[in-house]
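Before any comments, here is the structure.
The values are calculated or read from the model by the stated rules, or taken from the named source; none is laboratory data. Since the structure is predicted, the reported quantities are computational estimates derived from the model, not experimental observations. All Cβ positions, even for glycine, are placed from backbone atoms using ideal geometry, and neighbour counts span all protein chains on display. Ligands, DNA and RNA are stripped out before the accessible areas are found, and what is left, the full protein with its side chains, is counted by its heavy atoms. Shrake-Rupley method; radii C 1.70, N 1.55, O 1.52, S 1.80 Å.
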Amino acid sequence: MTETFLSVRDLKVSYRVGRGSLDAVDGVSFDVPRGSIVGLVGESGCGKTTVARALTRVMADNAFISGGRMLFDGRDLAALSERDMNALRWREIAFIPQSAMNSLDPVYTVEYQLNEVLRLRGGLGRAQARKRCEELFEMVGIEVGRLRDYPHQFSGGMRQRVAIALALALNPKLVIADEPVTALDVIVQRQILDQLRDLQRQLGISVILVTHDISVVAYICDRTVVMYAGHVAEQGTMEATLTQPSHPYSMGLRNAFPDLQGAASGVLTPIEGAPPSLADPPPGCRFAPRCPFSIEVCASVTPPQVEVEPGHFAACHRAGEAPALRERARHVSTWMAEA
Amino acid sequence: MSHLKAAASRTLQLALVLWAVVTILFLMFRLMPGNPLAAYIDPTFTVEQQEALMAQFGLDRPLWEQYFIYLGNLLQGELGQSFRYREPVAERILALLPNTLVLTFSSLIIAYAFGILAGAYLAWRRGSAVEQAAIPLVLTTRAMPEFWLGMVLLAIFSFWLGWFPAGGTRSAGAEFDSLFALYTSGEFLTYLALPALTLAIYSQGLPLLLMRSNMLDVMKEDFVTMARIKGLSNWTVVVRHAARNALLPVMTSFAIAVGYQLQGNVVVESVFSWPGLGRELVNAVSASDYPLAQGAFLMIALVVILMNLVADMLYTLLDPRVGHA
Ligand SMILES: Nc1ncnc2c1ncn2[C@@H]1O[C@H](COP(=O)(O)OP(=O)(O)OP(=O)(O)O)[C@@H](O)[C@H]1O
Ligand code: SF4
Ligand SMILES: [Mg+2]
């Protein structure tokens with residue numbers, strides 16, 4: 001396997017709410033090999049954005065990292081001083097947000113906003129910055145003439161390209177993309193993902209792609225990290241996790257999404273029920289209340305990470321029976337019987 | 001194209017508003033009980049003389065005819081004769097307008113400069129002790145009556161400390177070649193200081209609170225978070241992004257505030273014997289000098305309407321989204 005350059009270990013991120021706090025991310029570990037795209041996937045509220053933002057250390061006012069490490073090229077991001085962390089921001093770790101509309105400042109031209117990072121963060125001179133702006137626009141396939149336009153003058157897909165150009169401005173090593181195509185229609189989604197993948201390969205950067213859409217993972221990712229209620233349920237190569245899912249939640253997730261390629265993969269079956277409250281998570285396996293395969297031990301003992309194949313982990317008491325469970329999970333009735 | 005259309009419809013709107021104001025003013029002064037010429041007519045006048053006067057002012061004609069004569073006159077900038085001063089209203093008003101505008105703009109510029117900076121600062125220091133002490137203080141200044149504030153400042157800085165003159169725009173006997181020479185003289189500033197300060201203290205609350213609440217909203221926007229993720233300095237994030245965006249509605253409110261201020265001026269101009277439009281309006285009304293009162297009203301309305309137009313234009317200028325979409 002290729003060299004790991006980001007290694008998240010037992011990451012715990014909490015939000016202060018009222019008097020207490022809620023652990024939105026509770027002991028998450030995963031690796032990002034250099035030059036790969038890792039998909040962070042899971043239902044709304046499972047903590048994907050919280051992980052993504054923890055990596056930038058720009059979090060909500062009431063959020064704090066309450067444990068764990070984030071080893072980035074040998075340095076622990078969780079332990080860096082604010083000053084050292086800020087030195088890494090955008091130069092080494094860039095971010096592509098879900099809605100480029102809201103994340104571009106409406107009163108400045110796109111060129112101004114590119115220049116801002118190029119000059120203030122990249123230390124480029126006026127002429128160099130100008131050249132780089134044009135280069136970046138060419139890279140993401142937008143006419144250079146549109147640099148002087150304001151964000152609202154671009155279409156949704158174009159804006160997302162602008163966001164990619166911005167992210168790549170300073171040649172970062174890691175790009176974190178939080179639902180970068182969720183707001184777009186499927187055709188544009190595919191174009192943007194193609195572009196992201198091409199640029200990622202060409203520039204050799206690593207990408208963490210946050211999405212709730214398993215088909216986006218299937219389309220572009222090398223590895224998958226499946227999250228459920230603040231935990232990692234399963235992780236491994238994209239092929240392994242999608243063709244041989246070993247955690248019942250991933251098996252269900254696969255049934256719940258259409259294919260981005262357009263091929264209908266049978267009936268779509270949503271997983272019944274809702275994730276547990278993070279303020280008061282159930283003991284044992286957090287998926288147990290919705291799991292069609294839960295057994296007695298599931299409700300009381302937190303399942304360990306089981307290595308079902310080299311590099312492929314599932315946090316499930318029954319991971320050893322995965323092939324048999326997979327067979328049962330194919331049937332719609334398995335999921336209907338629950339709930 | 002849509003740009004032109006918008007401008008045209010806006011102008012038409014303003015013309016309609018102006019026409020409505022003019023008509024209301026006409027009706028207000030015509031339909032008031034009592035003889036409008038009462039203040040003008042000497043009790044010793046004979047009935048014939050009175051009637052001759054009525055005819056001279058056109059008051060013997062039917063109302064609708066008077067209305068059209070009035071509109072026609074207005075279009076030519078003819079506002080009639082002041083009863084009290086026996087001189088053209090237009091001249092009188094144009095002589096006083098600059099004093100009022102200087103007072104209004106200088107006080108508002110101070111109020112807005114201070115309010116914007118302080119509001120942005122308080123938003124940035126949200127939750128701090130400074131903020132907790134400042135907000136009630138600002139609310140108090142908003143609640144203080146202008147005349148009371150004016151009197152207090154007068155008592156302290158003029159009567160007690162003797163730093164500033166008590167009223168007027170110049171010392172007795174001082175002559176200036178032009179208004180420009182007056183307004184740029186150091187002496188004028190000492191006269192301007194207290195009334196402008198009173199109005200500024202009275203007005204700074206609005207921009208301050210508006211700026212603060214806008215800032216708090218804008219700070220929650222994604223683009224501010226993104227600016228932080230980009231590692232931009234605190235100054236860049238707060239000033240160039242948050243404050244710049246929060247400023248839009250505040251700048252527009254400036255133009256609108258000019259209109260409000262003209263009404264507020266009435267009190268302050270009276271307290272400080274400032275020879276402006278507001279004080280003149282009060283005097284004219286109490287002396288039943290209808291042409292002058294009408295003219296003063298009209299001028300104030302005109303400024304208010306114009307400032308609304310300026311507010312619109314400011315928005316188009318400051319917000320690239322307006323007019324492009
Ligand atoms: N500022 C906050 N204060 C308190 N709780 C929060 C805050 N932000 C997020 N949460 C909670 O933390 C959990 C994880 O949120 P997060 O935004 O990371 O989820 P997500 O996986 O990105 O979901 P989505 O797909 O909806 O974006 C959710 O239960 C959410 O309600
Ligand atoms: S541990 Fe039990 S409840 Fe949890 S996913 Fe595995 S089988 Fe289901
Ligand atoms: Mg999210």
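Table for the structure above
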| item | result |
| --- | --- |
| Solvent accessible area, Å² - A:Val144, 1.4 Å probe, full protein context | 40 Å² |
| For the stretch A:12-101: rounded, prolate or oblate by the Cα gyration tensor [a/c cutoff 1.5] | rounded |
| Accessible area of the stretch B:215-270 divided out per residue, in Å², using a probe of 1.4 angstrom | 36 Å² |
| Estimated dipole of the protein assembly as shown in Debye, rounded to 20 [Cβ of Lys and Arg +1, of Asp and Glu -1, Cα centre] | 1220 debye |
| Rounded accessible area of A:Asp213 (nearest 10 Å², 1.4 Å probe) | 30 Å² |
| Beta bridges by DSSP in chain A, antiparallel share as percent, to the nearest 5 | 65 percent |
| Extreme residue, positive dipole direction of the protein assembly as shown, given options B:Met54, A:Pro304, B:Met226 (C-beta unit charges) | A:Pro304 |
| Neighbour cut-off at most 14 other Cβ (10 Å), DSSP loop, chymotrypsin sites (Phe, Trp or Tyr not before Pro), the stretch B:98-168 | B:Trp163 |
| Selection from A:Leu124, A:Ser103, A:Leu166 lying farthest towards where the dipole of the stretch A:103-170 points positive, charges on Cβ | A:Leu124 |
| Burial of 30 Å² or greater, the stretch B:205-241 residues [accessible area, probe 1.4 Å, versus chain by itself] | B:Asp222, B:Phe223, B:Thr225, B:Met226, B:Arg228, B:Ile229, B:Lys230, B:Gly231, B:Leu232, B:Arg240, B:His241 |
| Solvent exposure, largest accessible area first (probe 1.4 Å, DNA, RNA and ligands not counted), of B:Tyr70, A:Tyr112 | A:Tyr112, B:Tyr70 |
| Exposed-loop-free span, longest in chain A, where GluC sites (Glu not before Pro) count as exposed if DSSP calls them loop and at most 11 other C-beta atoms lie within 10 Å | A:144-339 |
| Heavy-atom accessible area order for A:Val332, B:Val22, largest first, 1.4 Å probe | A:Val332, B:Val22 |
| Dipole-positive endmost among B:Thr169, B:Gly115, B:Leu153 within the stretch B:83-176 (Cβ charges, Cα centre) | B:Gly115 |
| Probe 1.4 Å, all protein chains present, accessible-area order of A:Arg330, B:Arg92, A:Arg159, largest first | A:Arg330, B:Arg92, A:Arg159 |
| Within the stretch A:1-145: Cβ-based charge dipole about Cα centre, in debye rounded to nearest 20 (Lys, Arg +1; Asp, Glu -1) | 400 debye |
| Under the span-like rule (Cα at least 20 Å along the axis, Kyte-Doolittle mean at least 1.6), DSSP H helices of chain B | B:290-318 |
| Cβ-placed point charges (K, R +1; D, E -1), dipole of chain A about Cα centre in debye, nearest 20 | 820 debye |
| Euclidean distance of C-alpha centroids, the stretch A:264-303 and the stretch A:192-243, integer Å | 23 Å |
| Summed buried accessible surface, chains A and B, 1.4 Å probe, nearest 100 Å² | 2100 Å² |
| All-pairs Cα distance distribution in the protein assembly as shown, expressed in whole percent, bin size 20 Å | 15, 34, 25, 17, 8, 1 |
| Hypothetical label at A:Ala324: residues of the stretch A:277-302 whose amide nitrogen lies under 20 Å (7 Å Cα-Cβ projection) | A:288, A:291-299 |
| Violating pairs (Cα-Cα greater than 29 angstrom) within the set A:Lys48/A:Lys173; B:Lys5/B:Lys230; A:Lys131/B:Lys230; A:Lys12/A:Lys173; A:Lys48/B:Lys220 | B:Lys5/B:Lys230 |
| Surface accessible to a 1.4 Å probe, per residue, for the residues of chain A, Å² | 42 Å² |
| Apportionment of accessible area to carbon and sulfur, chain B, percent (1.4 Å) | 68 percent |
| Relative contact order computed over chain A (Cα-Cα under 8 Å; 6+ residues apart), in percent | 19 percent |
| Burial of 40 Å² or greater, the stretch A:99-118 residues [accessible area, probe 1.4 Å, versus chain by itself] | A:Asn102, A:Ser103, A:Asp105, A:Pro106, A:Val107, A:Tyr108, A:Glu116 |
| Inter-label distance, nm, simple model (7 Å from Cα along the C-beta direction), B:Phe105/A:Phe64 | 5.3 nm |
| Inter-label distance, nm, simple model (7 Å from Cα along the C-beta direction), A:Leu80/B:Val130 | 2.9 nm |
| Fraction of accessible area attributable to carbon and sulfur, chain A (%, probe 1.4 Å) | 50 percent |
| Kyte-Doolittle mean at least -0.5 and Cα axial length at least 30 Å: DSSP H helices in chain A | none |
